[in-house]
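Before any comments, here is the structure.
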Amino acid sequence: MSRIADINLAPEGEKKIEWARRSMPVLNAITEELEREQPFAGMRVALAVHVEAKTACLCRALARGGAEMYVTGCNPLSTQDDVAAALAAGGLQVFASHGVSDEEYENDLRSVLSVGPSLIIDDGGDLTALMHAEFASLLPGVIGGCEETTTGIHRLRMMAREGALRYPVVTVNDADCKYLFDNRYGSGQSVWDGIMRTTNLVVAGKQVVVAGYGWCGKGVAMRAKGMGARVLVTEVDPVKAIEAHMDGFEVLPMAQAAPRGDLFVTVTGCENVITAEHFAMMKDGAVLSNAGHFNVEIDTNALRACAESVYCARKNVEGFVMPDGRTLFLLAEGRLVNLAAGDGHPVEIMDMSFALQAMSARYLAQSGGSIAPGVVPVPREIDLSVARKKLETLGISIDRLTPEQEAYLGI
């Protein structure tokens with residue numbers, strides 16, 4: 001039995017899903033293949049992702065491939081209630097609503113795992129962690145899982161090093177067709193969409209501090225520069241710091257960036273990137289936002305402790321009044337700003353990412369449980385297949401190697 005906010009919201013959610021579906025030709029083509037093949041027949045799929053329109057298209061693709069779907073969110077603020085209602089109205093089991101407490105969020109995760117899933121689709125690693133911690137008796141029935149995020153893969157690799165990961169998990173995030181496009185161009189656009197629609201402030205001319213210069217950070221910094229911001233980058237990795245410098249950005253420690261920044265975006269996957277030390281240095285009116293998976297990059301507990309008072313400045317914007325009269329503004333409670341305060345990555349970008357998810361899930365289903373437990377890369381042919389399908393939908397043709405060129409390259 002689904003647990004959603006209001007089933008009457010389903011018609012509005014259906015409109016969103018249809019809008020997304022129209023611009024997801026790669027996933028649509030794969031959906032037709034799945035419907036013909038029925039690779040998930042008789043399987044239960046537990047899925048924890050951001051419940052919004054593009055994700056709904058993935059859920060329906062797996063369902064049309066024969067899966068019995070159990071869907072929940074991976075972030076308390078990213079679920080769109082109308083989309084959840086549309087999925088439930090269409091026969092999927094959905095346990096998600098916007099703004100749940102931490103306890104309710106974890107109970108929803110338990111709801112999708114308690115059915116004994118055959119496959120797990122995860123975004124951030126919460127399902128996998130909980131499966132091993134509380135549902136160990138059901139682990140023998142799990143064929144494998146897929147992970148969407150850098151943060152989730154980091155958690156998986158820690159489990160694998162400790163010998164604790166009991167089933168294979170395909171690292172969808174590490175596929176070329178995911179991180180080169182989703183992490184860079186998807187994050188670059190959606191983060192600024194979330195920030196701008198939430199604040200209604202101009203980006204041009206501002207000093208923007210981007211913490212972290214991985215693929216997501218590269219995208220965020222690139223788009224900020226394109227909109228006329230002066231971008232400062234903070235890093236702990238010397239190689240990435242040189243990359244940021246060569247890309248034309250000023251690189252410096254957060255302690256030096258804090259007094260200068262007008263707008264901060266954390267994209268590191270680590271905790272306590274911006275702390276009380278930095279809050280004390282910031283300008284009046286500085287805006288704080290996070291684009292990493294979990295709400296730990298900005299120390300929000302310290303921010304509340306530092307403030308004399310806190311008020312709601314506008315939707316998804318909290319004002320923290322400091323003892324000296326300065327006010328710092330936090331967006332979306334420090335959670336993923338592009339999803340908690342926006343619609344997430346552009347549809348065409350997620351078309352590729354969710355095509356990878358669907359094909360990776362099929363790869364696991366067809367393996368019959370023959371893949372050993374551990375962290376498993378996306379097979380290269382799946383990555384190339386998605387790229388080829390994407391080029392076809394774009395009407396782009398490319399050259400092919402001749403037999404002589406293949407021989408020269410040793411292919």
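The values are calculated or read from the model by the stated rules, or taken from the named source; none is laboratory data. Since the model is a prediction, treat every value here as computed from it, not as a measurement. Because the Cβ atoms are built from the backbone with ideal geometry, glycine has one as well, and the counts that use them run over all protein chains shown. Just so you know, the surface numbers come from the protein's heavy atoms only, side chains and all, with ligands and any DNA or RNA stripped out. Shrake-Rupley method; radii C 1.70, N 1.55, O 1.52, S 1.80 Å.
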Just add up the charged neighbours of ARG157: K/R +1, D/E -1, any other residue whose Cβ is under 12 Å from the Cβ of ARG157.
-> -1
Which of ALA88, ALA255, ALA56 moves the most in a Gaussian network model of the chain with Cα springs under 10 Å?
-> ALA255
Of all accessible heavy-atom area on the chain, the percent that carbon and sulfur account for (1.4 Å) = 52 percent
Take the Cα gyration tensor of the stretch 317-361, multiply each eigenvalue by 5, square-root it, and list the three semi-axes largest first, rounded to whole angstrom.
-> 38, 9, 6
Selection from GLN207, GLY152, PHE135, by position along the positive dipole direction of the stretch 78-224 (Cβ) = GLN207
For the stretch 170-257, what is the accessible area per residue in Å² when the probe is 1.4 Å?
-> 41 Å²
Quick one: work out the % antiparallel among DSSP beta bridges in the chain, nearest 5.
-> 20 percent
Connecting every pair of Cα atoms under 10 Å apart in the chain and solving the GNM, the largest mean-square fluctuation among THR234, THR300, THR393 falls on THR393
Taking the stretch 111-203, which GluC sites (Glu not before Pro) meet the DSSP loop condition and have no more than 13 other C-beta atoms within 10 Å?
-> GLU162
Could you tell me, in Å, what Rg and Dmax come out for the Cα atoms of the stretch 98-153?
-> 11.3, 33
The stretch 195-271: GluC sites (Glu not before Pro) falling in loop per DSSP and having at most 16 other Cβ within 10 Å | GLU271
For the stretch 263-411, what is the largest minus smallest coordinate of the Cα atoms on each principal axis, given in angstrom and ordered from greatest to least?
-> 72, 38, 30
Name the most mobile residue of ARG260, ARG400, ARG326, meaning the one with the largest mean-square fluctuation, in a Gaussian network model of the chain with Cα contacts below 10 Å.
-> ARG400
Can you list the residues, at least 5 places off or on another chain, whose amide H is less than 5 Å from the amide H of MET43, using H built in the peptide plane?
-> GLU68
Under the rule rounded for a/c under 1.5, else prolate if a/b exceeds b/c, else oblate, using alpha carbon gyration tensor axes a ≥ b ≥ c, the stretch 1-148 is classed as oblate
Give the relative contact order (percent, whole number) for the chain; include only Cα pairs under 8 Å separated by 6+ residues.
-> 17 percent
Within the set LYS16/LYS206; LYS225/LYS389; LYS178/LYS240; LYS225/LYS315, which residue pairs have Cα atoms separated by over 24 Å?
-> LYS16/LYS206; LYS225/LYS389; LYS225/LYS315
